[in-house]
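Let me begin by presenting the structure, written as structure tokens, before commenting on it.
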Amino acid sequence: MRIPQAWNPRTWSYRAKVPLLITAISVLTALAISVAIALSARHWLREDLHDHAGTVAQSLARGLVVHIARDDVWEAFEAVRAVAAVEGGPQRCDVVVLDRGNAVFVSSDPLRFGVGSPLAGLSAPLQQAAALKTKRDEAVLAETRSGADAYAVVKLPLLSADQEPIGTLLMSYSHAVFAQRYRDTIATLAGITLGLVVLLIPLGWWVGHRLASPVARVTDALYRLGEEAAHKSTAYAGISAAGTPPPPAPASELARLEHSMSLLQEQLREKEQLQQQFVAADRLAAIGRMTSGVAHEINNPLAGMLNALSNLRKDPKLLPRTVALLERGLEQIRQTLSALLIETKTNARPLSPADIEDLRVLVHPQAQRKQLRLDWSYPVEGDLAVPAAPVRQVVLNLLLNAVQASEAWIAFTATTTDHELVLRVANDGQEFPPPRRARPFEPVVGGEGHGLGLWASHQLVSSMGGRITLSADPGTTVFEVRIPLQPLPGASNRSTFSPELSA
């Protein structure tokens, strides 16, 4: 049988479940404490009854010995009657004193147990008390039943001054008195428990509601965020296009939270895929811009070389000048191709001045095409303990962006301190977009010179333990890169280039 959703606790809101749970725990705790106290009270009352019976029997025995020795029935009757009942109150117990022949010497109820009555005329509890085995001068207590009633019975031998038996004291306490006291105790506990329940129910509800409200609010916010992400996701768009309604919102906060997290994870996966696609597109664009500049740099000497060969055919006397021109053209092409070579080993190698010169060779054609002044300052001699490949990539990205944004000049400077390499790329072009100044290295789509190259550069610098910052003033935009100088794992010498193309 399927439980209706309204009666299924799994679908309840935590605004209801937490207060109900706290209230239930509070009430059950109060009831458990009350039951424990009630059971303990039952044990305490029974022990108290036994202790009282033994103490009364010992106290009563001292006086009865004297009364029996004097054969003073009246004084003995007064003594047992005072013990058997409170003045003006109900009967507490039956007390019978037997003589040496086990006949009644005196009793607390002469109408039932008259003087001289035989042992057989006593009540069943008193007869069971008389049958108990006792030591010479110690009281014996026992529990016995007569029909539906329970009794505590006491038997105590009465000894003379010469320690000779002169009689026996029998006492029978009905548990009815004990039961009445026990009922009074239970009634008191029930009143206290009821008061605690009345107090704890609203208190538990209030505390539970206060505890559950923040969780519920956070869950609702995440659920709305997940729904908004789902509306933008391709999976949701596919459902909408198919005409299939989206699944209903879960009622429980945990179910809503799990649903929201799954939607957000799907959206993050899609975002990561898009970022990877954007990075690939930006890299292709950067390669395209660089290739265009390299092609221009190669076409210029090739055109000059072809013209020189054409002139040589017309006039063989121009051979010396033609050979010199061909050498210069080929040298320029060789330098351009050398700057394009990448490392052939996976081990990190230190940055050398030749790496920086390669970057100047790659960027110079594009700067020349836009008639930009390229200021270049790299006064560092020798290799630096920074990985060459990522530094080249970062600087190249910044320079290509600067070429795109600049209008008159580009400046590259490099300095070193005791513990880091400082690189700066500046330009005078369009001012960096104000909305992006707070977060300039977040990946974006569109825009010339401000795409994913900055994001990729930031990732590379961070992977080297460095930092990259932006300083944008009117008319000047400066990117500063600081990379710590530290030993390179598996560092090797610079890779060997092809003999035909190496500088």
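What follows draws every value from the coordinates through simple rules; no lab data is involved. It should be emphasised that the depicted structure is a prediction, and the values quoted were computed from it without experimental measurement. Here the Cβ is made from the backbone with ideal geometry for all residues, glycine too, and neighbour counts use every protein chain on show.
With 0.36 nm allotted per residue and the present C-alpha distance subtracted, the Ala36-Ser463 stretch has 147.2 nm of extension available. Here the spin labels are modelled as points 7 Å beyond Cα on the Cα-Cβ line, and at Ala389 and Leu326 they lie 3.8 nm apart.
The calculated Kirkwood hydrodynamic radius for the stretch 14-184 is 18.0 Å, given to one decimal from all distinct C-alpha pairs. Simple point charges give the picture: +1 on the Cβ of Lys and Arg, -1 on the Cβ of Asp and Glu, and for the stretch 14-184 a dipole about the Cα centre of about 980 debye. For the pair Arg283 and Arg62 in one chain, pulling the backbone fully straight at 0.36 nm per residue adds 68.2 nm over the alpha carbon distance.
The modelled label-to-label distance between Lys314 and Leu132, using points 7 Å beyond Cα along the C-beta direction, is 14.8 nm. By other beta-carbon atoms within 10 Å, ranking Glu327, Glu258 with the fewest at the front produces Glu327, Glu258. Ignoring aspartates and glutamates fewer than eight residues from Lys317 along the same chain, the ones with Cα atoms less than 19 angstrom from its Cα are Glu327. Here Met261, Met464 are placed in order of increasing Cβ neighbour count within 10 Å, fewest first, which gives Met261, Met464.
Given their separation in residues at 0.36 nm each and the Cα-Cα distance between them, Gln368 and Ile186 gain 55.3 nm when the chain is fully extended. Placing a pseudo-label 7 Å from each Cα along the Cα-to-Cβ vector at Glu381 and Val215 gives an inter-label distance of 7.1 nm.
Put in line by how crowded their Cβ is, counting other Cβ atoms within 10 Å and starting with the fewest, Thr219, Thr185, Thr415 read Thr415, Thr185, Thr219. A Cβ-based charge dipole, computed about the Cα centre of the stretch 354-488 with Lys and Arg at +1 and Asp and Glu at -1, lands at about 360 debye.
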